Amino acid sequence: MKFPFAQQPEPAGATERARSWRWLVPVLLVLLFLAVLIWLPWQARQMEANERQEQLIADTLWVEQTLRFELARSEEALASLGSDLVSRPPSPQVLKARFQQMFNNGHELVRIVWYGPDGAVLANHGLDAPAALPAPTRLAADVAGATRRGRYSEAYGATSATSGMIDYYLPLYAGGRLAGSLVATYSLQVLLDETVPWWFAQDNALTLLDRNERAVARRAAGGPGRGVYTHQRELDLPGALVVLSTNSVKRAPQLLPNLLVGSVIVLALGLVLSLGSLWRHISRTLAAERALRQQMAFRTAMENSLVTGLRARDLEGRVTYVNRAFCEIVGLPAEEVVGKKPPMPYWAPEVMLDYEERFRGVLSGNITPQFETVFQRPDGVRVPVLVYEAPLVDADGRQTGWMSSIQDITDRKRAEELNRQQQEKLETSARLATMGEMSSMLAHELNQPLAAISSYTAGALNVLERTGQSGEPVNSGMLRHALEQARQQAQRAGQIIRSVHEFVKKREPRREPVSIRSVVEGVRALVELQARQAGATLRVELPPQLPPVLADRVMLEQVLLNLTRNAIEAMVDTPVAQRVLRVAAAHADGMVTVSVIDRGHGIAPEVAAGLFSPFYSTKAEGMGMGLSICRTAIEFHGGTLTHAANPDGGTVFSFALPAQAADGALG
Ligand SMILES: Nc1ncnc2c1ncn2[C@@H]1O[C@H](COP(=O)(O)OP(=O)(O)O)[C@@H](O)[C@H]1O
Ligand SMILES: [Mg+2]
């Protein structure tokens, strides 16, 4: 059967596994994405740092070169001055001018002293010549003497407040002999201040360090260095170890204020959050789906186990759903029914008009909530069905169609038919039995009119004979009287036979509103006949307003006949004066009760036990069927048959039937 929800549910383990796999890939991708998101800015920061570091190194190199170049220039100028001093000593004015020129070329130069070969000061420019060479310069002088080359001293004279100096000791030789020396003193601070360009100083704190890594000069125009980007470079000075240390004032590239990083973080957070909520939503949906699937499986199993057919139709009458039982009832697969509009393949031609009429009702929104009809299977077999219809309402309370449940009532119909036939047979035989019981009474009853007819006609013949012999004219008055009497008696006999025939003739049981009065009247003649023969009197006591009952008239007549006959038979030993048979009726609590009251011998307890059993009789010629038939008939009409002792002696048999809520009492 095609049904949107009726798929086989997957086994739970497989679903579980499939679900975890389904999640694995997106989760991995998202993690990867997040990792990339985090890595990218970190990488960018790293690159930026590297770039800055490299830039600093290049700049530091360049500054070192500049410093070195400045000093080298000064060395050359000193060397040239030195050779001039040895070969042809200039006049003091010229010397002074040359000294001054050197000072102008490089402001870091704070002093030049020209010493003679004996160490006496020959000339001096700038600061005063020191009383004795400082210890680092003496050391440099010793080495320079040995190597015969100019040499720098270590930096000296630096304190925490003042910067240091450095000396350049140049020995002078004439003809291979020491002819004196030139000692230039440089202020390292001025060297830094003058040589390093301002833009570099702005970005970097510069420090010159001596061999012991003590700072001997500093420049920090843009504030102290942050220690993030640093570089150290040795100035390549013969004899001295001076290190140029640069320390950038720039901070490490910051991560957070970065717009890129910010948006990446926001995006990542948003992604994680929305992923989380998506996950929650999907889990909820999955749980709901699982619950739904379980319910559907349950429902499908339930529908398939039903023996009642189910059919849903939309408002246009198109079949939208049928269950298995429906398919079995109509003998068609669901595919041939679902989606179809009337006329349906299971409509039987002989009831087509009925279907169409009812379908028009469905379209106009008027349904018959319950009706019986016939469906036809493809092989032509008719299936009687009972259909219940109800509106189909969706979750919003809107009607979307009709739901019908269909019961195959073939078996019930068959049972009903069988029951009806049996009932009919039973009734016929019961009537025949009653008549059999009454046969002697009837014979006796018929005998009377027949004997009377016989004697009247004999009398008439006598009259005719006598007048024939005497030649007297016929006494037409006498003759007429005799014949009239004979005719009446013949009519009476005919009446008796007709009433018997009427009672016995085969007929269909038929329920209709029946008044008790008419029932009593119907059997009155027969009852009175029997009563008269038994010497009893019949009294009928019916209230004027008595509602009718829904019943088969002849069956009620038979009941009444049986009860009255039993009553009459029970009174054979009763004194004639008390042989009264009463038929009374009453209406109370929606029931009409009819009582047959006698003053007979009553019912002993041991008799009472078997009273209603078939073939139970205390009479020599009784068949014992009377009360059994009566009870069946009364119960068939939804009533009860009971008996009780009559307080005046005798028995009261009563049957009660539901009164018909009639518009007018039939009396
Ligand atoms: N009105 C009555 N008074 C006393 N006994 C009765 C009365 N009606 C029925 N009975 C008892 O119930 C028995 C069964 O009655 P019934 O079924 O009509 O069979 P039958 O009349 O053939 O005996 C009778 O034999 C009789 O003993
Ligand atoms: Mg009887």
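Details
- Each 20 Å bin from zero up to the one holding the largest Cα-Cα distance in the chain carries the following percent of pairs: 12, 18, 14, 11, 8, 8, 9, 8, 7, 3, 1, 0.
- Long-range amide H partners of ALA240 with built H, under 5 Å: TYR152
- Distant-in-sequence amide H partners of ALA252 (H built 1.01 Å from N, under 5 Å): none
- Both the radius of gyration and Dmax for region 582-667 are 14.6, 48 Å, in that order, over alpha-carbon atoms.
- Carbon and sulfur %, accessible surface of the chain computed with the full protein complex present, 1.4 Å: 57
- Of the residues THR428, PRO134, SER518, the one whose Cα sits farthest towards the positive end of the charge dipole of the chain is PRO134 (charges of +1 on Lys and Arg Cβ, -1 on Asp and Glu Cβ, taken about the Cα centre).
- Binned Cα-Cα distances of region 1-305, short to long, each 10 Å bin given as a whole percent: 5, 19, 18, 12, 9, 7, 7, 6, 6, 5, 4, 2, 1, 0
- As a rough guide to protection, the peptides 188-196, 384-392, 47-55 ranked by mean Cβ packing within 10 Å, highest first, stand as 188-196, 384-392, 47-55.
- Based on C-alpha pairs under 8 angstrom that are at least 6 apart in sequence, region 377-528 has a relative contact order of 19 percent.
- FRET efficiency, 1/(1 + (r/R0)^6) with R0 22 Å, evaluated for ALA525 and ALA458 via beta carbons: 0.20
- Note on the chain: Lys pairs 8 or more places apart or on different chains, Cα atoms under 27 Å apart, count 8.
- Positive-pole candidate from ASN105, PRO547, LEU172, dipole of the chain, charges at beta carbon: LEU172
- Surface accessible to a 1.4 Å probe, per residue, for the residues of region 306-408, Å²: 51
- Heavy atoms of the protein chains alone define the surface here; on that basis region 494-596 has 46 Å² accessible area per residue at 1.4 Å probe size.
- CD proxy at 222 nm, helix term only [per DSSP H run n ≥ 4: -39500 (n - 2.57); per residue of the chain; nearest 500]: -17000 deg cm²/dmol
- Label-to-label distance for GLU417 and GLU484 is 5.9 nm, based on points extended 7 Å past Cα in the beta-carbon direction.
- Converting phi to 3J(HN,Hα) with the Karplus coefficients 6.51, -1.76 and 1.60 and the offset θ = phi - 60°, region 157-172 yields x, 7, 10, 5, 9, 10, 8, x, 10, 9, 10, 10, 9, 10, x, 10 Hz in sequence order, with x at every glycine or proline.
- The phi torsions of region 496-502, fed into the Karplus equation with coefficients 6.51, -1.76 and 1.60 and a -60° offset, translate into couplings of 4, 5, 4, 5, 5, 4, 4 Hz, rounded to whole numbers, with Gly and Pro shown as x.
- Taking amide hydrogens as placed 1.01 Å from N in the peptide plane, the amide H of VAL383 sits under 5 Å from those of PHE375, GLN376, ARG377, each at least 5 positions away in sequence or on another chain.
- Probing with 1.4 Å while keeping every protein chain in the model, the per residue accessible area of region 202-257 equals 53 Å².
- Selection from GLN46, VAL594, HIS231 lying farthest towards where the dipole of the chain points positive, charges on Cβ: HIS231
- Treating each Cα of region 306-408 as one equal point scatterer and applying the Debye formula with no solvent, the log10 of I(q)/I(0) at q = 0.13, 0.22 Å⁻¹ comes out as -0.41, -1.29.
- Full extension of the segment from GLU541 to ASP396, taken as 0.36 nm per residue of separation minus the current Cα-Cα distance, would add 45.9 nm.
The values are calculated or read from the model by the stated rules, or taken from the named source; none is laboratory data. This structure is a prediction, so every number in the text was calculated from the model and none was measured. With ideal geometry, Cβ positions are generated from the backbone for all residues, glycine too; neighbour counts draw on all protein chains shown. Surface areas here come from the heavy atoms of the whole protein model, side chains and all, with no ligands, DNA or RNA. Shrake-Rupley method; radii C 1.70, N 1.55, O 1.52, S 1.80 Å.
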